[in-house]
Structures are given as C-alpha cells and as structure tokens.
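Everything below concerns the one structure shown next.
The values are calculated or read from the model by the stated rules, or taken from the named source; none is laboratory data. Just so it is clear, the model here is predicted, and its values are computed rather than measured. We place every Cβ from the backbone using ideal geometry, glycine too, and count neighbours over all the protein chains shown.
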Amino acid sequence: MGIINLFTEIVRLFNPLNLITVLLAVQLGIIFGMLPGLTATMGIALLTSLTFRWATGNAIIVLIAIYVGAIYGGSRSAILINIPGTPANAATCLDGFPLAKSGKGAQAIGLATMSSFLGSFIGLLALVLFAPILGRMALDFKSFELFWLTLFGVAICGNLTAPTDPIKGWIAGIVGILLSFVGMEAIQGYPRFTFGILELNAGFSIIPVLVGTYGLVEILDNLTIGDIKAVIMNVGRVIPYFKDIIKNGVNIVRSGIIGVFIGIIPGVGEIIASYVAYDFAKRSSKHPEKFGKGSVEGLIASETGNNACVGGALVPVLSLAIPGSPPAAVLLAALWLHGLRPGPLLQIENPNYIFEFSAMFFYASLAMLIIGLLIVKPLLKILLIKNSILMPIIFLLCTIGTFAINGRLFDIWVMIIFGIIGYPMRKFGYPSAPLVLGLILGPMVDENLRRGLILTNGNFLPFFKSTISIILVVAVFLTLFGKTRVVKSAFGLLFQPIRYVAKLIKNV
Amino acid sequence: MNNKQQMAKLDFICSIIIIIFSLFVIYKCIIMPKYDEWGLYATPGMPPFIFSSILLIMGIILLRRSIFVQGYKIRVKKDYLLRLYHSVAVRRFTIALSLVIFYSFLLGKIHFVIISATYIFVNIYIFKGTVWWINFIISIATSFAIWLLFKVIFLVPLP
C-alpha cells in the first residue's frame with residue numbers, strides 16, 4: 001500500500017520545475033558536503049532561510065536535496081584529499097584515500113556514488129514502510145509515554161555521541177533541556193529565566209542555535225587551523241563496474257539496514273552510522289587486513305551506511321517530531337516554519353504527506369546519482385579555495401540565515417553565544433548533538449511531564465503503568481546504568497540459569 | 001603533561017562550572033511562583049528543578065572523578081601563560097572571534113554591503129588569504145552578490 005502511494009506521489013511530482021530544482025539543490029548540497037568546514041546541518045540551515053518565502057513543496061524538496069547531496073558530497077574530499085567534507089564521511093577516508101593514492105580515485109568515487117544511492121534507496125524504503133507504522137503507534141502515546149520517549153532520546157544520544165565518556169553526553173543533553181526552559185512556559189505563561197530580556201520570552205530559536213553550534217564552531221575551528229594545501233589526486237572514469245556492486249550486495253544491504261536503524265535513534269546521525277557499518281563490514285569480511293589500505297568493501301560500507309541513515313533519521317522526524325540526526329533537526333524546524341506539523345498528528349491531518357516527502361527523497365537520491373557520476377572534475381577546483389577566503393563568506397551566509405527567520409539581530413547574538421559555548425565543548429569532549437536535541441525535545445519533556453501530573457493530580461504511578469512506558473523506562477535505565485558493574489553483575493546472575501541450561505544441552 | 005592529565009584538569013574546572021550553574025538554576029526554580037490552584041507538581045519551576053538537580057549530581061560525579069586522578073592540581077605558571085600568548089592558534093582564534101563580534105555590533109548600523117565587504121577584506125587580509133587587490137575584488141563582489149541574491153531576488157530581509 002505504501003509503495004503504491006509512493007509511486008503515485010513520484011508521478012505527481014514529476015514536472016520540469018521540480019526536476020531542475022532538485023538537480024540544482026543536490027549540486028549545491030554536494031558542494032556543501034565537499035568543502036571541509038561546511039556541513040549538511042549548516043547547508044540546510046542556510047537554505048531554510050533562503051527558501052523561507054517559497055511555496056512549501058519547493059522549499060522542502062530543496063532542503064531534502066541539500067541533505068542528501070551534502071552527506072554524499074563529503075565522500076569526494078574524503079577520497080581525493082583525505083579530509084572528510086562532512087563528519088559523516090570520516091570513515092570513507094580510511095579506504096577512499098588509499099584507493100585514490102593507488103590510482104583508483106575515479107573507481108572510488110564511482111563506488112561511493114553508487115553506494116550512496118543504494119543506501120539512500122534503502123533509507124527511502126524504511127521511510128515509506130516504518131514512518132506510517134511508527135506514526136500510527138505514536139497516536140497511542142499519551143503524556144507519560146512521550147515524556148519517557150523524549151528522555152530516552154536525549155539519553156541514548158548522549159551515550160552514542162560520547163561513547164568513551166557518556167556522562168559528558170548526558171550533561172550536554174541536560175544543559176540543552178535546561179536551555180529549552182528559557183522563555184514563557186506553555187501551561188501558566190510564566191517567563192522562566194528571561195532576566196527581563198523581552199526577546200527571551202520566546203526562548204531560543206532553533207536555527208540560530210544550530211548555526212552557532214555547528215556552523216560558527218566550524219568556521220572558528222577552520223580559521224584557527226589555517227589554510228591546508230589540498231593536493232587532489234587525479235580522476236579518470238567514474239562510472240563504477242557493475243560486478244563490484246554485485247559482489248558487495250550483502251555488504252550494501254547490511255550497511256543500509258545498520259544506517260537506517262542508527263538513523264531512527266534520536267540525535268545520533270550519520271557519523272556513527274558510517275563507522276558502525278564500516279566496523280560490521282570489517283568483521284564480516286574475508287579480508288579484514290585490507291581495511292584501511294584501500295578496501296572496496298570498507299568504502300562501500302561507510303557510504304551506504306551514512307546515506308541510509310538519512311532516510312532512517314527522517315522516520316522519527318515525520319512520525320514523532322523527534323530528529324534522528326542534527327541535519328534532520330534543521331529539516332524538522334523547516335517543516336514547522338512552513339506550517340507543517342510532523343509527529344503523530346500528521347497521520348490524521350495530512351496522511352499522504354509521508355509519501356509526498358518520500359517521493360521528494362526519491363528524486364533527491366536519483367539526482368545525486370546522476371550528478372555524482374556525471375559532474376566530477378569541474379567541481380574539484382572548489383576544493384582549492386582557501387579557508388581564509390571561504391570561511392568569512394560562509395559566516396556572512398550564516399548571519400543572513402540566522403537573521404532572516406525572525407528578522408532579529410538578537411538571533412545573531414544567540415548564534416555567536418552558542419558558537420562560543422560550542423567551541424570549548426568540542427575541545428573538552430562534550431558532544432553538541434545531545435545539547436541540540438535537548439533544546440528541541442525540552443519543551444516536549446516539560447509539557448508532557450506537567451500535563452501528565454496535572455491529569456493524575458500529582459500521582460507519578462501512571463508514568464510507570466502502560467507497557468510502552470515500562471519498555472521506555474527500562475530502556476532509559478539501561479542506557480544510563482547498563483555499563484555499571486552492579487547492573488552487569490545483576491544481568492549476569494539473571495542469565496546464569498539460562499547459560500547453565502544451554503551448556504547442558506550442548507553437552508548432551 | 002599528557003592528555004589524560006590535561007583532560008582531568010579540564011574536567012575539574014568544568015565540574016565546578018556545572019555545579020555552580022545547577023545551583024543557580026535550582027535557586028531560581030525555588031523562588032519561582034507556585035500556583036496553588038494547579039498544585040505544586042504543575043509549578044513552572046518543577047521540571048527545571050528536577051533536571052538541574054540531576055545536573056548537579058552529574059557535576060558532583062565528574063568532580064569526584066577528576067579529584068581521584070588529581071585534576072585539582074592546577075598551577076598557572078608564567079611560562080604557560082607566555083606560551084598561550086604566543087600560540088598561533090590562540091591568536092588566530094582570538095582574532096577570528098573578535099572580528100565576528102565586531103561585525104555583529106556594526107550590523108544594522110552600517111549598510112550591509114559596506115560592513116560585509118569590510119569584514120571579508122579584513123579577514124582575508126589578516127589571515128593572508130591572497131594579495132590585497134584580489135582580496136578587494138572578492139570582498140566587494142561577494143558582498144554585493146549576496147545582497148543582490150538575498151535582498152533583491154529572493155526578498156529575504158537582511159540586517
């Protein structure tokens with residue numbers, strides 16, 4: 001049923017204006033992705049402002065195309081100059097650059113393009129199949145379940161984006177939630193933590209926060225590092241050999257599924273997806289010793305994983321209004337700005353929108369494949385632009401993008417403040433993704449907690465009553481305490497009888 | 001000083017900042033009005049109180065951890081300060097941030113094209129991006145093109 005609706009929307013959206021728009025937007029996205037220091041998040045945030053006054057359909061198709069193009073585009077600089085264009089392509093450097101050094105740069109780009117397309121296609125299938133199901137399930141979520149779900153989102157994001165020191169991820173997430181409480185709260189209309197500043201009554205707008213945390217931090221970082229002399233490897237025929245794709249069929253499907261599931265987890269994103277897909281490919285490979293030295297399997301895994309994550313990240317955006325990655329967070333903000341209400345109510349108010357959105361994603365993926373294979377060499381000159389020239393121009397665009405949404409200079413200062421906070425956070429090991437996710441989900445946490453308590457006259461028990469709530473409470477508990485010795489020992493004791501029985505059966 | 005020791009010192013400083021921040025938020029939550037007709041659980045200060053208390057606990061855990069690895073042993077020596085002052089990275093960061101703040105102060109007070117062209121020119125000049133006349137052309141052309149594209153063609157408001 002979903003696939004039929006998708007085909008209907010694909011046919012409906014097929015017109016010259018949409019095709020030209022999506023081709024140009026994907027090209028722009030590839031440029032954003034290619035240039036180290038520019039990220040998909042920044043690209044979508046800037047274009048959100050530029051397309052603010054456009055018709056909703058045109059605006060959203062541009063933003064999706066930028067997202068898809070940017071995540072793919074970073075593979076080019078990763079392969080040709082060993083610098084990932086976006087963080088999501090860091091794993092691509094490991095095998096892409098060695099392939100380029102051995103004279104197979106064109107082959108690597110072709111394989112990266114094809115893998116990215118196939119990853120996007122798997123993500124598209126996930127979007128069409130899972131988003132409606134999750135959306136319908138979410139209609140059963142009441143305040144209690146939504147509270148635990150948003151808390152779980154922040155906790156798991158903190159866990160996965162700071163794997164060596166999760167407490168820093170959780171601290172970032174809680175700071176994000178606390179910052180979201182700034183402004184007039186929804187139930188009694190009391191202005192919290194505004195300190196008399198009128199502009200703070202509306203709280204922190206998400207676009208300035210995202211541009212500051214992801215955009216300004218990158219700009220300052222790149223200007224601090226200085227200009228890096230890029231030596232671009234030669235590129236020949238880019239169209240990949242079909243046999244290479246067929247040989248890696250299992251790898252592609254596995255990496256795609258990993259990408260999708262990591263994308264669905266709130267706030268985690270493409271970086272983790274590409275590394276996990278790469279890791280699984282290495283473990284399953286017959287030649288793991290080739291990984292890191294120019295393994296085609298490794299390259300395919302990382303690129304399929306990060307692009308599949310795009311589709312996966314959009315599943316919770318449409319069904320739960322929870323972003324699966326930082327770029328998805330900007331896309332969520334853009335949907336709100338254009339008057340759409342992603343989340344459980346989308347199933348009721350606009351049930352066909354998921355398929356219209358998926359059709360846009362389909363066109364973006366197809367455009368990425370076409371442009372990725374056909375236009376390579378002319379774009380490579382862009383990699384030679386120095387940071388000292390590019391970064392001030394990008395800052396200009398960030399300023400315009402931040403100002404344009406609300407027309408307030410105050411938002412530019414918010415961007416700068418979050419850039420100043422974000423820079424040491426990065427250096428001290430505190431990830432930005434939980435901070436941003438906490439800021440987005442904080443109002444949901446606040447409203448659902450208080451609404452739930454108002455409905456139950458202050459009784460906390462209903463928060464632990466329903467099956468979904470219990471599952472989410474256990475998930476939050478395991479996310480926060482799962483790695484502690486006490487919990488590990490408790491689980492060990494719990495599974496002791498099962499292990500004993502399994503051993504008995506094995507010996508018999 | 002190795003990376004682990006350095007991180008322990010940074011964790012010590014961060015934990016103190018986190019503890020002070022969370023205590024401040026807790027204080028602010030306690031003095032928020034309580035609406036009797038809604039009940040204590042619905043008071044605006046309740047959710048921030050809960051989360052700032054959790055943050056306080058995490059700050060204490062981080063502090064305790066950093067103390068165990070002697071992160072409190074922070075000595076600001078003169079030669080360290082001198083190294084910091086002469087550090088190219090610190091200078092570049094300070095200059096980049098100062099230019100950003102200065103540009104933002106002047107936005108809205110001077111015409112967008114003039115202030116943006118000046119900002120780009122000064123940036124490229126200080127960070128030695130290219131020769132001065134190419135810099136001049138890039139600055140003017142970029143600022144004008146951005147103004148034209150956003151303000152005139154796409155009707156996006158500019159500061």
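Restricting the first member to region A:485-501 and to residues that are on the phi < 0 side of the Ramachandran plot, and the second to residues that are assigned to a helix (DSSP H, G or I), the beta-carbon pairs closer than 8 Å and six or more apart or on different chains are A:Val487/A:Leu478; A:Val487/A:Phe481. Only one of the listed residues (A:Leu480, A:Leu435) is out of contact with any Phe, Trp or Tyr (no Cβ under 8 Å at 6 or more places or on another chain) and touching a residue at least 24 places away in the same chain (Cβ under 8 Å). That residue is A:Leu435. Screening region B:20-36 for residues that are more than 11 Å from chain A (Cβ to nearest Cβ) and under 23 Å from the mean Cα position of the chain (by Cα) and picking the one that is farthest from A:Phe181 (Cα to Cα) gives B:Ile20. In region B:86-118, the residue that is surrounded by the most Cβ atoms within 10 Å (Cβ to Cβ) out of those that are outside any helix (DSSP H, G or I) and within 9 Å of another protein chain (Cβ to nearest Cβ) is B:Leu107.
Looking across B:Gly71, B:Gly108, one residue alone is touching a helix residue (DSSP H, G or I) at 6+ places or on another chain (Cβ under 6 Å) and assigned by TED's automatic domain parsing to the domain that holds B:Phe12. It is B:Gly71. In region A:9-34, the residues that are under 22 Å from A:Glu218 (Cα atoms) reach residues that are assigned to a helix (DSSP H, G or I) and among the charged types (D, E, K, R) with C-beta atoms within less than 9 angstrom, at least six apart or across chains, in these pairs: A:Ile30/A:Arg76; A:Gly33/A:Arg76; A:Met34/A:Arg76. Scanning region A:49-76 for residues that are of a type in the set (Ser, Thr, Tyr) and modelled with pLDDT of 85 or more returns A:Thr56, A:Tyr67, A:Tyr72, A:Ser75. For region A:451-463, the count of residues that are within 24 Å of the chain's Cα centre (by Cα), more than 9 Å from chain B (Cβ to nearest Cβ), surrounded by fewer than 24 Cβ atoms within 10 Å (Cβ to Cβ) and not aromatic (Phe, Trp, Tyr) is zero. Is it the case that region A:432-439 has a residue that's within 10 Å of another protein chain (Cβ to nearest Cβ) and either charged (D, E, K, R) or surrounded by fewer than 22 Cβ atoms within 10 Å (Cβ to Cβ) (or both)? No, that holds for no residue. If the condition is being within 10 Å of chain B (Cβ to nearest Cβ) and β-branched (Val, Ile, Thr), then region A:377-406 contributes A:Ile385, A:Ile389, A:Ile393, A:Thr399, A:Ile400, A:Thr402, A:Ile405.
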